[in-house]
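Since the structure comes first, as structure tokens, the remarks are kept for the end.
Read-outs: derived from the displayed coordinates by stated rules, not from any lab. Owing to the predicted nature of the structure, the values given are computational and were not obtained by experimental measurement. Glycine gets a Cβ as well: all are built from the backbone with ideal geometry, and neighbour counts include every protein chain shown.
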Ligand code: DAH
């Protein structure tokens, strides 16, 4: 077979080629052991030197041409296959993605953090105390000796020996902090934390809830200082036109003791269902630290004075976000947390 015949045959063969497999077959047909190009050199041994050189030259030429052609066609085929693949696998990057549900922080935690920041801005530190507390700190040193009737107001979880209990209030952190302060100096702390009472759980009661305790110890402290501080909290949480008032009350660890009221943010004081027609909402208890409590904390009550307060964190959050069931805070339903998030940004 002549060089031209081989090349013509190849041209024809590659006309309809469409797969890699066909190329492999063609490689065998032309360049394989028994391929057409190899055939050219079959009887070279019998040829004269001159003829052999000529045939060798031609066969090399054909081999080169055939190889080049096959590579060319192979590349073309690969490019075509890639284009086809890209077309079928096309991704529309402008399509919107799948939205994943995101959680948000618990609304109660947010309120606590918010108040922590507010108080830290006024020079307060954030303190902590144990939830499993001694009767001594939870009651005794707070001027609530055994058998004191005011203990009844806080249905307490006791362990069997009556020495340890689940703290029923965050007030024990007051005495703990005073005793911890060895060089007697001014104190400004708030202590948010869990407290426990033997309550049946319903929409407004929980056996475990959260208080935010506050304590300030210094010289020449009066109720006016407490009022000013409470004012800041009320306005920060419920709007700048909120007014505050004290109502006389009784707590064994403060003297005098007061209830902390804010003017109703819903009706502005006219009276509505939220303030039960009174125009005022109670959000916590407070007072001037009782001299006995100061002494129990190692502070000379002739030199030092102070105020203390306790807010119910859930109560503040319920009022602020219009929540009617306290159990809402202890579930992780995204439908709730996300609505609170929206309410907050409104
Ligand atoms: N511990 C009180 C309670 O649980 C709240 C309270 C009242 C805290 C007056 C105080 C305070 O620090 O001075 O009812």
Need the full-extension length gain, residue 91 to residue 325, defined as separation in residues times 0.36 nm minus the C-alpha distance. One decimal, nm. 79.5 nm
If the elastic network links every pair of Cα atoms under 10 Å, which of 310, 129, 277 fluctuates the most in the Gaussian network model of the chain? 277
Order of 251-262, 177-188 by packing, highest average Cβ count within 10 Å first? 251-262, 177-188
Applying 1/(1 + (r/R0)^6) with R0 = 22 Å to the Cβ-Cβ distance of residue 34 and residue 3, what FRET efficiency is obtained, to the nearest 0.05? 0.75
For peptides 314-325, 283-294, 42-53, sequence by mean Cβ density within 10 Å, most packed first: 283-294, 314-325, 42-53
Roughly what angle does helix 107-120 make with the longest principal axis of the chain, taking Cα atoms, 0 to 90 degrees, to the nearest 10? 70 degrees
Would you mind classifying segment 132-235 by shape? Square roots of the alpha carbon gyration tensor eigenvalues, ordered a ≥ b ≥ c; an a/c under 1.5 is rounded, otherwise it is prolate if a/b is larger than b/c and oblate if not. oblate
Helix axis angle, 20-31 relative to the chain longest principal axis, alpha carbon, degrees: 30 degrees
Could you tell me whether segment 188-323 comes out rounded, prolate or oblate from its Cα gyration tensor? Rule is a ≥ b ≥ c as square roots of the eigenvalues, rounded for a/c under 1.5, then prolate if a/b exceeds b/c, otherwise oblate. oblate
Cut-off 15 Å (backbone N to label point 7 Å along Cα→Cβ of residue 282), residues of segment 133-167: 153-154
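Looking at the square roots a ≥ b ≥ c of the eigenvalues of the Cα gyration tensor of segment 121-170, which shape do they give, rounded for a/c under 1.5, prolate if a/b is larger than b/c, or oblate?
prolate
Starting with the highest mean, order 218-225, 206-213 by the number of other Cβ atoms within 10 Å, averaged over the residues of each peptide.
Working: 218-225: 12.2, 206-213: 19.6.
With the highest mean Cβ count within 10 Å placed first, the list reads 206-213, 218-225.
Please work out how much length the chain gains when fully extended from residue 43 to residue 266, using 0.36 nm per residue of separation minus the C-alpha to C-alpha distance, in nm with one decimal.
Details: separation 223, 0.36 × 223 = 80.28 nm, distance 11.02 nm.
The span from residue 43 to residue 266 would gain 69.3 nm if fully extended.
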Angle between the chain longest axis and helix 49-88 axis [Cα atoms, degrees, rounded to 10]: 30 degrees
